[in-house]
Amino acid sequence: MGRYTYHCIDGHTCGNPVRLVVSGHPPLEGKDQGERRLHFLKEFDWIRKGLMFEPRGHSQMSGGFLYPATRPDCDIAVLYIETSGCLPMCGHGTIGIVTFAIEKGLVTPATPGVLRLETPAGLVVAEYKMDGEYVKSVKITNVPSFLFKKDVKVTIPKLGELTVDIAYGGNFYPIVETQANFRDMADYKPSELIEMGRDLRQYINDHYEIIHPTDEKIRGVRHVQWTGQPTKADSHARNAVLYGESAIDRSPCGTGTSARLAQRYGRGLIKAGESFVHESIIGSQFIGRIEAETKVGELDAIIPSIEGWAVITGTSQITLDDRDPYCHGFEV
Ligand code: PYC
C-alpha cells in the first residue's frame, strides 16, 4: 500500500452523515456502475474501511465517490461507501452528494436543476432547488421499488416470533410494524433497536434467499426498518433503520422510505400520486411520493420519489498510511 490522501466534503442529510470523497478515486473497471461497485469491493475495499470506520470515521459514517457515467443518459455516476459495504443505492447519501456537488461546482448537469445519476441500482434523477448559492432541497426519483415477500416469519431472542414484510427500495428492508410482540420503536432504546435489528437481519439472511429479480448482483438484507407512530402532526409514520453493525439512520432513510412506500402500495394502503411523510428517530422528515406504477420482472412495482435537504459542515483531508496499524479502521 503506502500513503494515500483523500479530500472530502463532509455534511449531513437530515441529520445523517455524508462524506463525499473528491480526490483519490481508485480506477474502476466494469461496463456499468454495478460492475464497478463489485470491482471496488474486490480491490479497494480498504479505502472504504479507512474512510468510514474509526478513527477517521465512526459507526454512522456514509458517503460516496463521483465517477464519469458509463450511460449516455446520465450526468455522473455514484459509488456509495458505508460502514456495511457499498450499497447499490443510498437515498440520504444521494441527497447529500447532489447538494455538495452542486454547491461546490463539481458537476455541470446537462439540464440545470436536474442531475441524472447512474447508481449501481440503476438510474436516479435528482431535481434540486436553489436558495441563492445554496441547494435548498433535493427530490430524488428512485429506482423501481417493490414488495418482495409478505408475512415473513422470523424469531429473535428478545421479541420471539415476528411477522415482517420484505420490500426493496434500492436495498432490501425487512419492515417491522405493530403486532403482538412489537408495538412501537418508541418502546426501545436505540441500543436495543440495534441489537434486535442485527438478530433479525441475521435470521433473514440465514433462512431466506433474497435476490433482486432482475439484478442478481443485488442480494441479501443489510438493513432493518423498525416503525412507529410519528411525533409530528404532519408526518404519516416514523422509522428507525439499522445499518452496519451499530448505526441507526438519523434521516428517515431514502431507500428505506422507498421500500416502505412499495410495501404500503403492495398492501393497497397507498396509491400512485399519493405522498407519505416519513419521520426519523430524531424527528427529521423526508417527503415520499409514488410517482408511477411499473413492473420489476413479474412483480408489481412503483417509482418512488424522496425529498429532503442536506448541508455541508466542513471539509477534510484524510490520510491512509499503512504505518498506522488502524489505517483500515476498526469497530468496537
Ligand atoms: O438513505 O438510503 C438511505 C440509507 C441507507 C443506509 C443509510 N441510509
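Can you find even one residue in region 244-252 that is in contact with a strand residue (DSSP E or B) (Cβ under 9 Å, 6 or more places away or on another chain), within 21 Å of residue 289 (Cα to Cα), open to solvent by 10 Å² or more (accessible area, probe 1.4 Å) and not in a helix (DSSP H, G or I)?
Yes, region 244-252 contains at least one residue that is in contact with a strand residue (DSSP E or B) (Cβ under 9 Å, 6 or more places away or on another chain), within 21 Å of residue 289 (Cα to Cα), open to solvent by 10 Å² or more (accessible area, probe 1.4 Å) and not in a helix (DSSP H, G or I).
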Positions within region 130-181 being of a type in the set (A, V, I, L, M, F, W, C), closer than 20 Å to residue 218 by Cα and not in a strand (DSSP E or B), in sequence order:
143
Given 283, 297, 308, which one is in contact (Cβ under 8 Å) with a residue 40 or more places away in the chain, more than 22 Å from residue 96 (Cα to Cα) and among the small types (Gly, Ala, Ser)?
297
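So that you can scan it fast, the table gives a plain yes or no per residue for (1) under 23 Å from residue 214 (Cβ atoms); (2) within 16 Å of the ligand (Cβ to nearest atom):
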{"position": "25", "(1), (2)": "no, no"}
{"position": "34", "(1), (2)": "yes, no"}
{"position": "44", "(1), (2)": "no, no"}
{"position": "60", "(1), (2)": "no, yes"}
{"position": "79", "(1), (2)": "yes, yes"}
{"position": "86", "(1), (2)": "yes, yes"}
{"position": "101", "(1), (2)": "no, no"}
{"position": "105", "(1), (2)": "no, no"}
{"position": "110", "(1), (2)": "no, no"}
Answer with yes or no whether residue 201 is in a helix (DSSP H, G or I), closer than 18 Å to residue 176 by Cα, open to solvent by 10 Å² or more (accessible area, probe 1.4 Å) and within 14 Å of the ligand (Cβ to nearest atom).
yes
Check 233, 259, 301, 292 and return the single one that is more than 16 Å from the ligand (Cβ to nearest atom), under 23 Å from residue 139 (Cβ atoms), out of contact with any Cys (no Cβ under 8 Å at 6 or more places or on another chain) and not in a strand (DSSP E or B).
233
Tabulated pairs, region 182-210, first touching a residue at least 24 places away in the same chain (Cβ under 8 Å) and under 12 Å from residue 245 (Cβ atoms), second assigned to a helix (DSSP H, G or I) and open to solvent by less than 70 Å² (accessible area, probe 1.4 Å), C-beta under 8 angstrom, 6+ apart or interchain
none
So how many residues does region 264-293 have that are open to solvent by less than 60 Å² (accessible area, probe 1.4 Å) and more than 13 Å from residue 147 (Cβ to Cβ)?
15
Considering region 51-84, residues that are surrounded by fewer than 20 Cβ atoms within 10 Å (Cβ to Cβ) and either part of a helix (DSSP H, G or I) or among the hydroxyl-bearing types (Ser, Thr, Tyr) (or both), and then whichever is nearest to the chain's Cα centre (by Cα), we arrive at 84
Kindly indicate whether any position in region 41-50 is in contact (Cβ under 8 Å) with a residue 40 or more places away in the chain, of a type in the set (A, V, I, L, M, F, W, C) and exposed (fewer than 15 other Cβ atoms within 10 Å of the Cβ).
yes
Count, please, the residues in region 1-40 that happen to be open to solvent by less than 30 Å² (accessible area, probe 1.4 Å), within 24 Å of residue 332 (Cβ to Cβ) and in contact with an Asp or Glu (Cβ under 8 Å, 6 or more places away or on another chain).
4
Go over the candidates 162, 117, 147 one by one and state the one that is away from the ligand (no atom under 13 Å from the Cβ), touching a Cys at 6+ places or on another chain (Cβ under 7 Å) and open to solvent by less than 50 Å² (accessible area, probe 1.4 Å).
117
Given the criteria on the phi < 0 side of the Ramachandran plot and either open to solvent by 30 Å² or more (accessible area, probe 1.4 Å) or at pLDDT below 95 (or both), does residue 130 qualify?
yes
Residue list for region 280-310, restricted to those being closer than 21 Å to residue 265 by Cα and aromatic (Phe, Trp, Tyr):
286
Long-range neighbours under 8 Å by Cβ, at least six apart or interchain, first residue within 17 Å of residue 51 (Cβ to Cβ) and of a type in the set (S, T, N, Q) within region 82-104, second part of a helix (DSSP H, G or I) and more than 8 Å from the ligand (Cβ to nearest atom):
83/52
Inside region 85-112, can you point out the residues that are assigned to a helix (DSSP H, G or I) and aliphatic (A, V, I, L, M)?
95, 97, 98, 101, 102
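The values are calculated or read from the model by the stated rules, or taken from the named source; none is laboratory data. Quantities reported herein were computed from a predicted structural model and do not represent experimental measurements. Please note: Cβ atoms are built from the backbone with ideal geometry, for glycine as well, and neighbour counts cover all protein chains shown. Accessible surface is based on the protein model in full, side chains and every heavy atom, while ligands, DNA and RNA are left aside. Shrake-Rupley method; radii C 1.70, N 1.55, O 1.52, S 1.80 Å.
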